[in-house]
Amino acid sequence: MKISAIASKLKRSFYVCLMALLLCSSLVIGTAQPAFAGNRAANIAQNRAEQALDEVAGAGTAEQIKGRAEGDLGRVQRKVGQVTGQPADRVEGAAKQVQGRAKKDIGRTQAAAEDAAEQIEDTSEGLIDSVKDFFN
């Protein structure tokens, strides 16, 4: 493997880790509601981070990460509810787990749709090349 290829893979890994960190931290910190202008700016920054992550790591990656983080937060909240005896925390934690699973599934579906679109594009290019070769 060439040095440039290794550097490219390291750069990609760095960006994926950075975007994952940004997304997860926004979920944890996102429980407090900042002022409206700050909240809007944070949403814009998060959307850009999600788009960049999806471009680097593939469609649906941001949703899968958010889903996993939300599911993990729900699991922790359920455990805390069990320990403290708070049924509301257990119910809310279970709801977050379900939402997390749904987001992960959405991310997987987005990734599968992108893969299917790429296969269709490759197949159509191959068909076009075959027709061109036939007539040449």
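The values are calculated or read from the model by the stated rules, or taken from the named source; none is laboratory data. Here the structure is a predicted model, which means the values were calculated and not measured. When we count neighbours, we look across all protein chains shown, and the Cβ atoms used for this are built from the backbone with ideal geometry, even at glycine.
The condition of being within 25 Å of the chain's Cα centre (by Cα) and assigned to a helix (DSSP H, G or I) holds for only one of ASP89, ASP115, that being ASP115.
Rundown of residues vs (1) more than 28 Å from LEU73 (Cα to Cα); (2) surrounded by 14 or more Cβ atoms within 10 Å (Cβ to Cβ), yes/no style:
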{"residue": "ARG90", "(1), (2)": "no, yes"}
{"residue": "ARG101", "(1), (2)": "no, yes"}
{"residue": "ARG108", "(1), (2)": "no, yes"}
{"residue": "ALA111", "(1), (2)": "no, yes"}
{"residue": "GLU114", "(1), (2)": "yes, yes"}
{"residue": "GLU121", "(1), (2)": "yes, no"}
{"residue": "GLU125", "(1), (2)": "yes, no"}
{"residue": "SER130", "(1), (2)": "yes, no"}
{"residue": "PHE134", "(1), (2)": "yes, no"}
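Taking first residues from segment 81-96 that are modelled with pLDDT under 85 and partners that are of a type in the set (A, V, I, L, M), the Cβ contacts under 7 Å between residues at least 6 apart in sequence or on separate chains come to ASP89/VAL80. If you check LYS132, LYS79, LYS103 for being in contact with a helix residue (DSSP H, G or I) (Cβ under 6 Å, 6 or more places away or on another chain), assigned to a helix (DSSP H, G or I) and basic (Lys, Arg), only one passes: LYS103. Figure legend. Inter-residue proximity from segment 40-56: first residues in a helix (DSSP H, G or I), second residues surrounded by 12 or more Cβ atoms within 10 Å (Cβ to Cβ) and hydroxyl-bearing (Ser, Thr, Tyr), beta-carbon distance below 8 Å, spacing 6+ or different chains. Indicated pairs: ALA42/SER26; GLN46/SER26; ALA52/TYR15; LEU53/TYR15; LEU53/THR61; ASP54/THR61; VAL56/TYR15. The residues on offer are ASP129, ASP105, and the sole one that is out of contact with any strand residue (DSSP E or B) (no Cβ under 7 Å at 6 or more places or on another chain), within 19 Å of ALA59 (Cβ to Cβ) and charged (D, E, K, R) is ASP105. Against the criterion of being of a type in the set (D, E, K, R), surrounded by 15 or more Cβ atoms within 10 Å (Cβ to Cβ), more than 30 Å from VAL56 (Cβ to Cβ) and modelled with pLDDT of 85 or more, ARG78 qualifies.
Is it the case, given these coordinates, that LYS104 is out of contact with any Gly (no Cβ under 7 Å at 6 or more places or on another chain) and either closer than 30 Å to LYS11 by Cα or not charged (D, E, K, R) (or both)? Let's see the steps before the verdict.
Working: out of contact with any Gly (no Cβ under 7 Å at 6 or more places or on another chain): no; either closer than 30 Å to LYS11 by Cα or not charged (D, E, K, R) (or both): yes.
So LYS104 fails the test.
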